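I have placed the structure first, in the form of structure tokens, so that the comments after it can refer back to it.
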Amino acid sequence: MKGVNQAWPAIYSSSAPPCRSGDLNRAELAIKSSKLMTPGALGIEADGSAPERVDPGSWLLLCRSVRFGDTDAAGVMHFHQLLGWCHEAYEESLERFGIAAAEVFPRPGHTPAVALPIVHCQADFLAPLACGDPLAIKLEPRRIDPGCFELTYTFHRGNPSDGQPVARGLSRHLAINSASRARCPLPDPIVRWLEASAASGAILSRSEAC
């Protein structure tokens, strides 16, 4: 995709550096790598041109850092932050895949025809996280039925290949008509994202980092 930072080697490569403080949202991770390229971003570029093929790591493996405001008086991540991070990772994944925020989320003066409310969520806290800790986030989107999908999020401190997860999250989303509030099929951009993620997941699962 145009304008994407291409500074890092792939996080799923055995030679990849870990996520580091300050590397928030640098999920491009070897966008030029020919090995794991798939026809990913199925939207269009800002200038109307067709998108380039996208490395699946660019929308399924993300990085962020724990910030001071994420922690509590004990100096560790406050529990409610995890689900916020999950939703931010979901938004970032869609954006990096090529889906504009306005196609999915309401904005002043614009409401998408289909809403995707969360109907179930859960979180598991496996290790304390402190200010400055770098996090790698692996997303696994899965379609449940024509009108519902869920996302699992696995958080690692640094490179995912270096150890056990420090946290996990899950969100389940239901498609409803924004006007009638009745259940409906998932919108086409989300279907494309889910299908590409399912295909790319097989590639990522064979990599050392995941």
Could you pull out the residue among Ser200, Ser180, Ser205 that is of a type in the set (Ser, Thr, Tyr) and at pLDDT 95 or above?
Ser180
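Residue by residue, here is whether (1) out of contact with any Lys or Arg (no Cβ under 7 Å at 6 or more places or on another chain); (2) of a type in the set (A, V, I, L, M, F, W, C); (3) surrounded by 14 or more Cβ atoms within 10 Å (Cβ to Cβ); (4) at pLDDT below 95 holds:
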residue: Gly57; (1), (2), (3), (4): yes, no, yes, yes
residue: Leu61; (1), (2), (3), (4): no, yes, yes, yes
residue: Thr71; (1), (2), (3), (4): yes, no, yes, no
residue: Val76; (1), (2), (3), (4): yes, yes, yes, no
residue: Cys86; (1), (2), (3), (4): yes, yes, yes, no
residue: Val104; (1), (2), (3), (4): yes, yes, yes, no
residue: His120; (1), (2), (3), (4): no, no, no, no
Answer yes or no: is there a residue in region 125-146 that is crowded, with 16+ Cβ neighbours inside 10 Å, over 22 Å from Ala198 (Cα atoms) and of a type in the set (A, V, I, L, M).
yes
For region 161-177, give me the residue count where each residue is outside any strand (DSSP E or B) and either loosely packed, with under 13 Cβ neighbours inside 10 Å or hydrophobic (A, V, I, L, M, F, W, C) (or both).
5
Applying the selection to region 187-201, what residues are surrounded by fewer than 21 Cβ atoms within 10 Å (Cβ to Cβ) and either more than 20 Å from Leu60 (Cβ to Cβ) or out of contact with any helix residue (DSSP H, G or I) (no Cβ under 6 Å at 6 or more places or on another chain) (or both)?
Pro187, Asp188, Val191, Arg192, Leu194, Glu195, Ala198, Ala199, Gly201
Residue under evaluation Arg96, criteria (1) in a strand (DSSP E or B); (2) of a type in the set (D, E, K, R); (3) out of contact with any Gly (no Cβ under 7 Å at 6 or more places or on another chain); (4) crowded, with 17+ Cβ neighbours inside 10 Å, criterion not met
(1)
Quick one: would you say Thr111 is of a type in the set (Ser, Thr, Tyr) and more than 19 Å from His156 (Cβ to Cβ)?
yes
Just to verify a result, which residue in region 106-118, among those that are surrounded by 15 or more Cβ atoms within 10 Å (Cβ to Cβ) and not β-branched (Val, Ile, Thr), is nearest to Leu83 (Cα to Cα)?
Leu116
Selection within region 84-115 - closer than 17 Å to Leu174 by Cβ, among the aliphatic types (A, V, I, L, M) and under 16 Å from the mean Cα position of the chain (by Cα)
Leu94, Val104
Might you let me know whether region 133-154 holds any residue that is without any contact (Cβ under 8 Å) to a residue 60 or more places away in the chain, closer than 30 Å to Ala73 by Cα and more than 14 Å from the chain's Cα centre (by Cα)?
no
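The values are calculated or read from the model by the stated rules, or taken from the named source; none is laboratory data. Small disclaimer: the values here were computed from a predicted structure and weren't measured. Glycine gets a Cβ as well: all are built from the backbone with ideal geometry, and neighbour counts include every protein chain shown.
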